[in-house]
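Q: Quick one: the structure is below, questions incoming.
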Amino acid sequence: MVPDLGNLLSRFGAETLLALAIPAILLADLVPGRGRRGANATAVGLLALVAALLLVLFQGSSDGAILTKLLVADGLAKVFRVLAIGTGIVAALAALRWGDAERGRAEFFVCLIGAVLGACLTAAANDLAMLYIAIETLSIGGYLLAGFRKARVEGSEAALKYVIFGAVSSGAMLYGMSLLYGFAGTATLTTPAGTSFASLEGASGAAAGQPAFLVAVVLVFAGLAYKVAAAPFQFWCPDVYEGAPTSVAAFLAVASKGAGFAAILRFVGAVTAGTTPDVTATAGDVRTILLVMALVTMTIGNVAALRQNNAKRLLAYSAIAHAGYLLLGVAVTTAEGATAVVFYMAVYLFMTLSAFYMVGLVEKQTGRADLDAFEGLGFRAPVLGVCMAVALIGLTGLPPTAGFAGKLFLLQQVFEYGGEHDSMLFFWGGVIALLNTVVSLGYYAKFLKVMYLCDLERMPKGPFAFAGVDKGLVLALTVPVLLFGLAFAGLYDVASELARGIFVAAGGR
């Protein structure tokens, strides 16, 4: 029961660094000299995030349990931890560029790093109690960041809605976790290779035939679905994204969603593992629930986005729709499906951050976030207009972007599962997903219309005043969308290796 601290630090040195960075930022903010306080907190926060990213990138990964069964440093944890920390760095830079953190840089970085830490622990959690604590750490940081600009009524309203919906989903999830613990006699999710302790994965066979077990699974999944804004738990998303600072909305759209899907993959893999008839029946129920939720989520997101004129609300409904696409990969409960989810989350990071960063730049320049603020952007700032177009085309899922490859892999798994198991539900699910992709083109094209098909005589005069650092960051986020769209084989192989082990116990290959 005593953890190997050396092994812990070698696998989770990034999380240790982030935890130590929080008091370090507060201490740095106490250094005398009014003009240096904000700079000190900023330097410590950015340095901690960059150092944590390097530690995660260059550390090894294994399937063994770390910290007395609570955390697992496997490939799945690694990819989503890199995603969370990388998104935190972009959000921090965006907040500094747009003045989102000017009212208290130390407080902003404490909340941001706390949320990043929660996202990293969520991705690596192998225990129900650790999973709950990690999600709450992520959520509390998100609540505070959403309402960080206290002078704005919209921000306070967004934070309040986020807290209320979060409390309800958290209570449902905790109750479901208590039921699962009663069924399994353990809070551990899976049994990593080389270990022999009891886990929910091993105990699910005896409990899976009971209706209450499926109820417990649904309750836990409800809490996780809230984090990824999946229907019917998506109500908070548009209001929060609109009211929160744009840098925070970008962080929630990527890091929070990524951590949630890492937890969903582990949880669904645990409750559908095994080959006994009871487990097989429960796995079929879980697949059906996930598929229906995926289709409802993407349909709600895409149809509601058609009516939006605010860019942040539109991207919020886009994020809801993409949660539905990602749930398709989870619904097939195969190793290849998990690979498709990891691949799509990687490219989704670049597409979404690029789009949100462009929205933030335009909002700072014009003081507005509606679509009319983008009028003539393709002519007034050609490079940035092309970058925005590439990000939107990628989110639509059209070639030659990485979004096309990502949706292709997800839909391929759905149709293959429907063919192999003679499931008309999955076949028609794939068809509905394709139709949703067509619908999404309708609202993404709104951006392209105002950017390139505007009335030149009515177009605002003068170019957009974008700094070189903003152009560089936008290009850094946009180029991979094209690069991985043209050469996606390497990234897919990496995703396959990192997702290795998910759903294998269920015979998912």
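Q: How many residues does the stretch 390-420 hold that are in contact with a Gly (Cβ under 7 Å, 6 or more places away or on another chain), in a helix (DSSP H, G or I) and not β-branched (Val, Ile, Thr)?
A: Number of matching residues: 12.
Q: If I filter the stretch 39-52 for residues that are at pLDDT below 80 and either out of contact with any Ser or Thr (no Cβ under 9 Å at 6 or more places or on another chain) or basic (Lys, Arg) (or both), do I get at least one hit?
A: no
Q: Moving to a separate point now. Determine if the stretch 421-440 includes at least one residue that is at pLDDT 90 or above, more than 30 Å from residue 191 (Cβ to Cβ), of a type in the set (Phe, Trp, Tyr) and touching a helix residue (DSSP H, G or I) at 6+ places or on another chain (Cβ under 9 Å).
A: Checked the stretch 421-440: at least one residue is at pLDDT 90 or above, more than 30 Å from residue 191 (Cβ to Cβ), of a type in the set (Phe, Trp, Tyr) and touching a helix residue (DSSP H, G or I) at 6+ places or on another chain (Cβ under 9 Å).
Q: Can residue 79 be described as assigned by TED's automatic domain parsing to the domain that holds residue 146 and farther than 11 Å from residue 255 by Cα?
A: Taking the combined requirement at face value, the residue satisfies it.
Q: Can I ask one more? Under 6 Å between Cβ atoms, which residue pairs at least 6 apart in sequence (or on different chains) link something in the stretch 222-233 that is in the same structural domain as residue 253 (by TED's automatic domain parsing) with a partner that is surrounded by 24 or more Cβ atoms within 10 Å (Cβ to Cβ) and among the polar types (S, T, N, Q)?
A: Partner pairs satisfying both residue conditions: 227/256; 230/297; 231/297.
Q: Looking at the structure I just gave you, is residue 388 closer than 28 Å to residue 486 by Cβ, out of contact with any Ser or Thr (no Cβ under 8 Å at 6 or more places or on another chain) and crowded, with 23+ Cβ neighbours inside 10 Å?
A: no
The values are calculated or read from the model by the stated rules, or taken from the named source; none is laboratory data. This is a predicted model, so every value here is computed, not measured. As a convention, Cβ positions derive from the backbone with ideal geometry for all residues, glycine included, and neighbour counts pool all protein chains shown.
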